[in-house]
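Everything below concerns the one structure shown next.
Only the coordinates and a few stated rules stand behind these numbers; no lab work does. Keep in mind that this is a model prediction, so the values were computed, not measured. FYI the Cβ positions are ideal-geometry reconstructions off the backbone, even for glycines, and counts take in every protein chain you see.
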Amino acid sequence: MKRKYFVKHAIIIIFVAIFFGNTISSTLGIDNFLEYTNKNDYVTNNQEFLLPEPKHIDMVLEETIMRRMSMRNFTDEPVTDEELSTVLWAAYGLREDGNYTVAKINGSHSVLIYVLLEDVYKYNPENHSLVFYKEGDYRDIVGWQYHAPVQLGLCWNSDIADINFGSAECGAVGQNIYFAANSIGLGTVITAQLEPAIEPVGLPVNEKGMGVMPIGHPVIDYNFVNRPLFISLLPRIKFSDMALTTALEERKEVTSWNSDSISRKDLSHLVWASYGYSFYIDKSNSNVVKRHHTLPSAHGYYPFRIYSVTKSGISRYIYGLFKIDFIGLPIVSFLLRIANGDKRSEIADATDSFVSNAPLFIIPVLEIEKTIDWDDLSDESVRWIWYYEAGASAHNVLLQATSRGLSGNIVSIKNKEAICSILKLDKEKFDPMFVIPIGI
């Protein structure tokens, strides 16, 4: 009798465990094989669910940059565990060497990613897992602009970084989300507003919302035509053999370099990645823009100037005829010489001494007047919007450097007035945001 009694109760316990396991997984809105990382901890706000191994993205880096575009309309087809895992690892994953998939900004990492499914979760890079944060479906509240199966809330920790540097790191994370999503057939777009859309979730006091990125399967499939129409004295952009995942794994932050020169081919690829136009024409008709930039810009303003600095002088990168291409125009790009002579030590004085021996600096500079159009985004109170864009540009440069066998860093500017003077710019009209030293 006792044996039958215990067998009967064991069966009941197993049945109940399976039932609740499936119920919890269904609440996640993704497949049922997520696991608890700590099976002894079932307190609701401490539940942690392991994500599956992320997919290795074989698409080469330059192609993912060429294909970057914003998608705003999504089907109701669910995003799978593997797809979500792949996007999150690319976005802000922890590599085997202990570094993140994005570089530090101003010497620190401050980004947090909230994952909105049928409930709210936080991405834990250390365990590559989702940690339960709050019950309730906030996707159409937080992601009110674009309905999607997954909404990612990009946030930053104000105890670690200020709003500008936090937003800059979000810019790097956003680029990785664009690249990974596009390469596996998903779509996304970065959205932001003055009152962060993530606020209804209820963030801790030291966490601040920056933007929201919907993730889903596009209603209209990607459709690109390779039409370079490249009119330039700069060397043509060529695809490397480095996969996106490999570039994310191998990107390095360094503070010294072994060479004092940079090739024209490397220079061409690096300035292109920073702000240039894709060789691909978008034929999907899902976007009025036909030839996309390597990164997004708020309202399509594209208000940055990109400067390159070598031992021979300073040049401004001209990426095309117009800031937005609605037709599919030829790419007319060149370097416009601003000053001759080696200015690297002067720039190092305004930033950090270690950059002086880098063979190349790339400097994204905000042209403030170009942030004023139908919406005025010129005030310093919203300068974080443009730091997002500068961070995205800097991240592109570091990834492209990796595929070219180079390394670099992202260096904050201590004396912006001095940088403006060196670049022959009016300090009241321009805001230099970072110096990106690159070399071998």
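Of all DSSP beta bridges confined to the chain, the antiparallel ones make up roughly 95%. Of the labelled figures [x] -0.38, -0.51, -0.66, -1.28; [y] -0.24, -0.32, -0.42, -1.06; [z] -0.26, -0.35, -0.45, -1.31, only one reflects log10 I(q)/I(0) by the Debye sum over Cα atoms at q = 0.06, 0.07, 0.08, 0.14 Å⁻¹ as derived from the coordinates, namely [z]. Past 32 Å, Cα to Cα: identify those pairs from LYS265/LYS343; LYS134/LYS414; LYS122/LYS427; LYS208/LYS283; LYS323/LYS414; LYS122/LYS429, in the order given. Beyond 32 Å between Cα atoms: LYS134/LYS414; LYS122/LYS427; LYS208/LYS283; LYS122/LYS429. With the simple model of a label 7 Å out from the Cα in the direction of the Cβ, GLU253 to VAL382 spans 3.0 nm. Taking every alpha-carbon pair in region 26-215 and binning the separations at 5 Å intervals from zero gives 1, 8, 17, 22, 22, 18, 9, 3, 0, 0 percent. What is the helix-to-structure angle for 264-275, meaning the angle in degrees between its Cα long axis and the longest Cα principal axis of the chain, kept from 0 to 90 and rounded to the nearest 10? Taking the Cα atoms of the chain, the angle to 264-275 is about 60 degrees.
Among TRP156, TRP257, a tally of other beta-carbon atoms within 10 Å of each Cβ gives an order, fewest to most, of TRP257, TRP156.
Taking every Cα-Cα distance in region 326-440 and sorting them into 5 Å bins starting at zero, the pair-distance distribution P(r) comes out as 2, 10, 18, 20, 22, 15, 9, 4, 1 percent.
Taking Lys and Arg as +1 and Asp and Glu as -1, the other residues whose beta-carbon sits under 10 Å from that of ILE327 total +1. Measure nothing but the geometry: give the 0 to 90° angle between the long axis through the Cα atoms of 2-28 and the longest principal axis through the Cα atoms of the chain, rounded to 10°. Orientation of helix 2-28: about 30 degrees from the principal axis. With the charge dipole of region 224-439 set up from +1 on Lys and Arg Cβ and -1 on Asp and Glu Cβ about the Cα centre, the Cα lying farthest toward the positive end among the listed residues PRO296, ILE413, SER381 is that of PRO296. A simple charge model with +1 on the Cβ of Lys and Arg, -1 on the Cβ of Asp and Glu and nothing else charged puts the dipole of region 308-440 at about 700 debye relative to its Cα centre.
Other residues with beta-carbon under 12 Å from the beta-carbon of GLN145 carry, at +1 per Lys or Arg and -1 per Asp or Glu, a net charge of +1.
Equivalent-ellipsoid semi-axes (√(5λ), Cα gyration tensor) for region 224-439, whole Å, largest first?
In descending order the semi-axes read 26, 22, 16 Å.
For the chain, the 222 nm mean residue ellipticity estimated from helices alone, with every DSSP H stretch of n ≥ 4 adding -39500 (n - 2.57) and the total spread over all residues, rounds to -9000 deg cm²/dmol.
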